[in-house]
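The structure appears below as structure tokens.
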Amino acid sequence: MNSRSETRKRTPRPFGRLIVLANRRTGPAFHRQVQRAGGFTLIELLVVLAILGLLIGLVGPRFLGQLGGAKSKTAAIQIADLEKSLELFKLDVGRFPANEEGLEALVRRPQNARGWNGPYLKGSSVPEDPWGRPYRYSIATSGEPEILSLGADGAPGGDGENTDVRNAQQ
């Protein structure tokens with residue numbers, strides 16, 4: 001004989017399938033899907049902000065360190081240009097500018113400078129260092145000019161970005 005399941009016939013349930021479909025669209029899982037489709041959750045936003053914060057914390061100091069190094073290199077290049085202009089001044093006048101005349105002698109003719117054929121710098125003024133302060137100029141005991149920028153802190157000495165930048169080696 002047939003087994004018990006074979007003898008029993010299934011009766012169709014026409015409304016049973018409709019109820020299941022209705023529950024799928026109105027149940028809690030459907031509402032969660034509708035809510036999530038509109039945007040991001042607070043936790044997702046916080047995770048993204050935390051990742052961005054870590055990236056900025058790691059990359060930021062390296063970038064700012066390179067920016068500071070660029071200012072020191074700019075000061076060294078400007079000092080080298082000023083030194084070349086001083087050499088041209090010496091070829092024309094026969095001496096370096098006196099301490100009192102300073103670097104201004106490269107753009108304006110000093111009173112007692114015979115043979116001055118300037119200006120020796122472009123523009124009408126002596127450039128400032130990258131930190132916005134004037135370069136210091138003096139004649140060393142050896143008779144050679146010394147040009148100095150005091151670095152980021154504006155004080156003698158220092159380390160890193162605060163290191164003095166000069167043309168003469170001490």
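The values are calculated or read from the model by the stated rules, or taken from the named source; none is laboratory data. Just so we're clear, the structure is a prediction, and the values are computed from it rather than from any experiment. Positions of Cβ are backbone-derived with ideal geometry, glycine not excepted, and every protein chain shown enters the neighbour counts. Protein only, heavy atoms only, side chains kept; ligands, DNA and RNA dropped before computing areas. Shrake-Rupley method; radii C 1.70, N 1.55, O 1.52, S 1.80 Å.
Could you tell me whether A70 is of a type outside the set (F, W, Y), part of a helix (DSSP H, G or I), modelled with pLDDT of 90 or more and open to solvent by less than 80 Å² (accessible area, probe 1.4 Å)? Against the criterion (of a type outside the set (F, W, Y), part of a helix (DSSP H, G or I), modelled with pLDDT of 90 or more and open to solvent by less than 80 Å² (accessible area, probe 1.4 Å)), A70 does not qualify. Search segment 133-163 for residues being over 31 Å from the mean Cα position of the chain (by Cα) and polar (S, T, N, Q), and hand back the single one that is nearest to I77 (Cα to Cα). Among residues in segment 133-163 that are over 31 Å from the mean Cα position of the chain (by Cα) and polar (S, T, N, Q), the one nearest to I77 (Cα to Cα) is S138.
Residues in segment 96-107: is at least one modelled with pLDDT of 85 or more and aromatic (F, W, Y)?
yes
Cβ-Cβ distances below 8 Å connect the following pairs, each with a first residue in segment 108-122 that is without any contact (Cβ under 8 Å) to a residue 60 or more places away in the chain and part of a loop (DSSP other than H, G, I, E, B), a second residue that is open to solvent by less than 50 Å² (accessible area, probe 1.4 Å) and of a type in the set (V, I, T), and a separation of six or more residues or different chains: A113/V93; R114/V93; G115/V93; W116/V93; G118/V107; P119/V107; Y120/V107; L121/V107. Look at (1) assigned to a loop (DSSP other than H, G, I, E, B); (2) out of contact with any strand residue (DSSP E or B) (no Cβ under 8 Å at 6 or more places or on another chain); (3) surrounded by 16 or more Cβ atoms within 10 Å (Cβ to Cβ) and you find that E161 fails only one, number (1). The residue of segment 73-115 that is nearest to the chain's Cα centre (by Cα), among those that are of a type in the set (D, E) and open to solvent by 70 Å² or more (accessible area, probe 1.4 Å), is D81.
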